Amino acid sequence: MSAGSPGGTGVIPAERSLRPLAGVLAAIAASVTGTRISLIALPWFVLVTTGSATRTGLVAFCEMAPYVLFKALSGPLVDRTGPRAVSWTMDLASAAAAAAIPLLHTLDLLSFPLLLGLVAVIGAARGPGDLAKEVMVPEAAERAGTPLERAMGLSGVIERLASTVGPAAGGALVALLGPMTGLAVNAGCFVLGSVIVAVALPRGTGRPAAAPSATDDTDGAEEAGYWRRFGEGFTFLRGDPLLLAVIVVVGITNLLDAALSTLMIPVWAGESGNGPAAIGLVSTVMGAAAAGGSLIAAMAAHRLPRRAVFLLGFLLAGAPRFLVLAVDAPLGVVLAVFAVSGFGAGFINPVLGAVFIERVPRRMLGRVNALGDSLAWSGIPLGGLLAGAAVTAAGLTPVLLVCGAAYFLTTTLAGLRPEWRAMDRSREDVVPREAAEDRAPQDGAKTVP
């Protein structure tokens, strides 16, 4: 799930400028590219040095568990401190931990427990950093005079393109120069993202969402309260059946996607003899097709029925990938299926982003987005861990078949639930509720039913 808060009042600036939107999108591109390179380099490094699928899954868990936890808890911090400051500082922290891995390996000082610790630091810093970038997208869209749906679609296109370039570069780097080179490049990408946000964005971008009142000590104290802000976001999500249903579906599919990408594809690449280049190739093909889907969604998503697009996208993006690997199809067939799956996946996040932003009052988007993302990502740390244990116990093919069936049932049965009909409500049906909430007294105790 992805949605964001502008970190301001939601008022369109008098002077429009594309610079903030271009800067935020460039920072997202740098961060995602580095992360996708690491997604190939790190599992392959663990597999070739330990030969253990279980340890490979454990490494993925140690990165994603802190990612989800710290992203969930950082929503009030991002609202209070401002997403710009959080973004560049957390990217620098990620860069330092990522650079330490190849350095310590070169010095023959990298033990497996130390690797797990460094990976955990990367995940803990990435969570708030990614949230902060997401939070700045709507504000940057307002400054550019760009429709929200289009900005979210462009963000999806950039993410998909980076998800195409990253695996291609990662596969080539690992095959030619080894996994440590890929991890060094990952660190450089985090540094680049930090510099873009700190230097390239205008100074007014990414300010705190709400500053405590200087004249009202009581309201200011309540507004500044971390746990009160956190509780507001949780209470809002609990009272919205559609958002809860979306989070459950996305949470299950994210777990299955993580199991596939962090463990099952690397194991398939090793068992089939295709090697690390094949990991990058399938990810690149899927990412390129997803970028095309996201671009079409950015141009036409507001004209399409959201529920049908959302569920069809999942139908294409999910089970076929597991099944084609399970039947040991030739590489060309695997690439074709992943291309179709990527095209379907490209429509999902633009729809999610628009629905999320429409349904949540602007002043609460940072908190609600942090919680929504974290709940939807809560299964990701377990994906590689559970898949590693399952593949070790039962073998790759049975696990692929079970996961493909689970993906199909989750996304298909979800469409039968009544709350999904609310996804197709027009924007005009949602905006009056937003406006009413934004006009309500913001005393820190207000919750949305």
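The values are calculated or read from the model by the stated rules, or taken from the named source; none is laboratory data. For clarity, every value in this text was computed on a predicted model and none was experimentally measured. Glycine gets a Cβ as well: all are built from the backbone with ideal geometry, and neighbour counts include every protein chain shown. Surface accessibility is based on the protein's heavy atoms, side chains included, excluding ligands, DNA and RNA. Shrake-Rupley method; radii C 1.70, N 1.55, O 1.52, S 1.80 Å.
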Contacts under 8 angstrom Cβ, first residue in the range 325-338 being assigned to a loop (DSSP other than H, G, I, E, B), partner of a type in the set (Gly, Ala, Ser), 6 or more apart: Asp328/Ser272
Pairs where the first residue, in the range 45-60, is under 19 Å from Gly273 (Cβ atoms) and the second is surrounded by fewer than 17 Cβ atoms within 10 Å (Cβ to Cβ) and of a type in the set (Ser, Thr, Tyr), C-beta under 6 Å, 6+ apart: Ala53/Thr392
The range 372-394, residues that are outside any loop (DSSP other than H, G, I, E, B) and open to solvent by 10 Å² or more (accessible area, probe 1.4 Å): Leu375, Ile380, Leu382, Leu385, Leu386, Ala389, Ala390, Val391, Thr392, Ala393, Ala394
Top-ranked residue of the range 131-156 - restricted to ones that are surrounded by fewer than 24 Cβ atoms within 10 Å (Cβ to Cβ) and among the acidic types (Asp, Glu), ranked as nearest to Val197 (Cα to Cα): Glu142
Residue list for the range 290-304, restricted to those being open to solvent by 20 Å² or more (accessible area, probe 1.4 Å) and modelled with pLDDT of 75 or more: Gly292, Leu295, Ile296
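Tell me the helices (runs of 4 or more DSSP H) entirely within the range 206-273 that contain at least 3 residues that are open to solvent by 40 Å² or more (accessible area, probe 1.4 Å), more than 24 Å from Leu77 (Cβ to Cβ) and modelled with pLDDT of 70 or more. Spell out how you get there, then give the answer.
Working: elements: 217-224, 226-238, 241-259, 265-272.
Helices (runs of 4 or more DSSP H) meeting the threshold: 241-259, 265-272.
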Among (1) modelled with pLDDT under 65; (2) open to solvent by less than 20 Å² (accessible area, probe 1.4 Å) - the single one Gly171 does not satisfy: (1)
Residue check, Leu176 open to solvent by 10 Å² or more (accessible area, probe 1.4 Å), at pLDDT 85 or above and either farther than 20 Å from Val48 by Cα or of a type in the set (A, V, I, L, M) (or both): no
Number of the condition not met by Gly7 [criteria: (1) modelled with pLDDT of 80 or more; (2) within 23 Å of Val351 (Cα to Cα); (3) open to solvent by less than 10 Å² (accessible area, probe 1.4 Å)]: (1)
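Restricting to the range 43-79, name every residue that is open to solvent by 10 Å² or more (accessible area, probe 1.4 Å) and among the aliphatic types (A, V, I, L, M). Quick ask: steps written out before the conclusion?
Keep residues of the range 43-79 that are open to solvent by 10 Å² or more (accessible area, probe 1.4 Å), which gives 43-45, 47-55, 58, 60-66, 68-70, 72-73, 77.
Within the range 43-79, Leu47, Val48, Ala53, Leu58, Ala60, Met64, Ala65, Val68, Leu69, Ala72, Leu73, Leu77 qualify.
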Evaluation of Ser194 against (1) at pLDDT below 80; (2) surrounded by fewer than 24 Cβ atoms within 10 Å (Cβ to Cβ) (one fails), failing number: (1)
Test for Asp91: is it open to solvent by 30 Å² or more (accessible area, probe 1.4 Å), at pLDDT 80 or above, over 19 Å from Leu255 (Cβ atoms) and charged (D, E, K, R): no
Close pairs from the range 80-99: first assigned to a helix (DSSP H, G or I), partner modelled with pLDDT under 85 and open to solvent by 40 Å² or more (accessible area, probe 1.4 Å), Cβ under 6 Å, at least 6 apart: Arg80/Pro208
Hey, Val391 within 23 Å of Met152 (Cα to Cα) and at pLDDT 70 or above or not: no
Output for the range 269-289, where each listed residue is more than 16 Å from Val174 (Cβ to Cβ) and either in contact with a Gly (Cβ under 7 Å, 6 or more places away or on another chain) or of a type in the set (A, V, I, L, M, F, W, C) (or both): Val285, Met286, Gly287, Ala288, Ala289
Cross-chain or 6+ apart pairs with Cβ under 7 Å, the range 393-410 first and over 17 Å from Thr253 (Cβ atoms), then open to solvent by less than 60 Å² (accessible area, probe 1.4 Å) and not β-branched (Val, Ile, Thr): Leu396/Met264; Leu396/Trp268; Thr397/Ala326
